[in-house]
1. Got a sec? Which helices (runs of 4 or more DSSP H) wholly within segment 9-123 have at least 3 residues that are buried (at least 17 other Cβ atoms within 10 Å of the Cβ)?
2. Checking the condition among the hydrophobic types (A, V, I, L, M, F, W, C), within 14 Å of Met19 (Cα to Cα), touching a Phe, Trp or Tyr at 6+ places or on another chain (Cβ under 8 Å) and touching a residue at least 12 places away in the same chain (Cβ under 8 Å), which residue from Ile91, Ile85 passes?
3. Which of (1) over 21 Å from Val117 (Cα atoms); (2) touching a residue at least 60 places away in the same chain (Cβ under 8 Å) is the odd one out, the single condition Phe46 does not satisfy?
Amino acid sequence: MLSQGLTTIGLLLISNVFMTLAWYLHLKLQDMQLITLWPVWAVVLFSWGIALFEYSFQVPANRIGFVGNGGPFTLLELKVIQEVITLSVFIVFSFVAFGTKIAWNHIAAFACLILAVWFAFQK
């Protein structure tokens, strides 16, 4: 069970790195003047190409981790874990790629998310 849980979380982490890149990398590339002339449809195709890798990790993570398949997590627990991982990856990406400054309200919001995970796992 522990192994399936860790595998699920690892796959969700990898998946969310690709998801964050699919959603936001084009903004950084545009900021760097690398794709400023690309039409929107080309940016969408570029992002879809990255998102394919996201799904390649997300779907197995959910299948391995879901209690209905012998995993340790309910559907709601999987979703809450995924959301916290998504925001964690996004915070790192926004800091590294865009130099976003983290303020007290961001920390407070993240603490609320951690509480949401705790509440989601209460029986």
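Since every read-out is calculated from the coordinates, none of them should be taken as a lab result. What you see is a predicted model; the values in this text were computed from it and never measured. Quick reminder, even Gly has a Cβ in these numbers, built from the backbone with ideal geometry, and neighbours come from all protein chains shown.
1. Where helices (runs of 4 or more DSSP H) fall fully within segment 9-123 and carry at least 3 residues being buried (at least 17 other Cβ atoms within 10 Å of the Cβ), they are 40-65, 75-98.
2. Just one listed residue meets the conditions, Ile91.
3. (2) is the only condition that Phe46 fails.
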